[in-house]
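S.K.: First the structure, which I've put down as structure tokens, then a few questions once you've had a look.
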Amino acid sequence: MAFAWRAMDAFYEEDERILGHAADPYHRIDIRNSSRPLEVRLGDTVVARSEHPVVLYESGFAPRWYVPRADIDETQLRPVEGQTFCPYKGLCDYYDIGDAHRAAWTYRNAYPAVGRIGDMVSFEPDQVEIHLDGKRLELEPGQKVVPHGVDRGLDVDEVRAH
């Protein structure tokens with residue numbers, strides 16, 4: 001059985017309205033603090049440098065590194081119009097960095113269960129260089145998941161896993 005999410009007026013679990021689609025009850029997210037140095041670069045420009053990033057481990061996906069805003073040169077981030085929705089983290093906003101489209105994202109008002117990443121920024125390792133402990137992170141299987149339709153301008157009802 002499948003639901004036509006876009007055809008529904010609303011979806012509820014108990015008394016709470018669910019945005020987008022229902023979450024998988026077996027999906028897990030763990031968030032850990034780190035003291036490993038992380039640096040984000042686009043060419044010769046340092047976009048972010050942090051001695052205290054946060055790593056998010058999510059079922060079925062490679063680890064994602066989030067950086068506190070205080071450790072980011074925000075003049076390098078250009079907000080992108082449109083959002084995506086994650087049933088586990090909430091609404092996601094994106095940024096372009098130089099000519100790298102949607103190279104960074106944030107969950108400004110992350111759901112309470114993942115509140116530790118709220119308003120932090122994560123970066124796409126295939127769009128910008130991310131160095132952790134001085135070693136460049138390479139794109140791993142599962143690190144970039146864009147569902148059908150996101151690049152065609154669909155937004156809030158779509159999911160981009162981060």
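S.K.: Any idea how far the Cα center of the stretch 83-141 sits from the one of the stretch 1-20, in Å?
M.R.: With the stretch 83-141 and the stretch 1-20 each reduced to a Cα centre, they are spaced 26 Å.
S.K.: A further question on this structure: Hey, rough spin-label estimate for residue 23 and residue 74, points 7 angstrom out along Cα→Cβ, what's it come to in nanometres?
M.R.: With each label point 7 Å from Cα toward Cβ, the separation is 2.7 nm.
S.K.: What does the net charge come to around residue 56 if you take all other residues with beta carbon closer than 12 Å to its beta carbon, with K and R at +1 and D and E at -1?
M.R.: Once positives and negatives cancel, what remains is +3.
S.K.: Stretched out fully, how many nm does the piece from residue 30 to residue 101 gain, at 0.36 nm a residue minus the Cα gap?
M.R.: Working: separation 71, 0.36 × 71 = 25.56 nm, distance 2.75 nm.
Here the segment from residue 30 to residue 101 would lengthen by 22.8 nm.
S.K.: Net charge around residue 27, counting only other residues with Cβ within less than 13 Å of its Cβ (Lys, Arg = +1; Asp, Glu = -1)? Can you show the working numbers first?
M.R.: On the way: positive: 28, 89; negative: 24, 30, 58.
With Lys, Arg at +1 and Asp, Glu at -1, the neighbours total -1.
S.K.: With Cβ to Cβ distances under 10 Å as the rule, what net charge do the other residues near residue 38 carry (K, R +1; D, E -1)? Provide the component values of the computation, followed by the final result.
M.R.: Values: positive: 36, 49; negative: 39, 51, 71, 133.
That sum, taken over residues with Cβ under 10 Å, equals -2.
S.K.: Using a 1.4 angstrom probe on the protein heavy atoms only, could you order 50, 34 from most to least accessible area?
M.R.: On the way: 50 0, 34 25 Å².
Final ranking, largest accessible area leading: 34, 50.
The values are calculated or read from the model by the stated rules, or taken from the named source; none is laboratory data. What you see is a predicted model; the values in this text were computed from it and never measured. Every residue, glycine among them, receives a Cβ derived from its backbone with ideal geometry; neighbour counts consider all protein chains shown. Heads up: the accessible areas ignore ligands, DNA and RNA and are worked out on the full protein's heavy atoms, side chains in. Shrake-Rupley method; radii C 1.70, N 1.55, O 1.52, S 1.80 Å.
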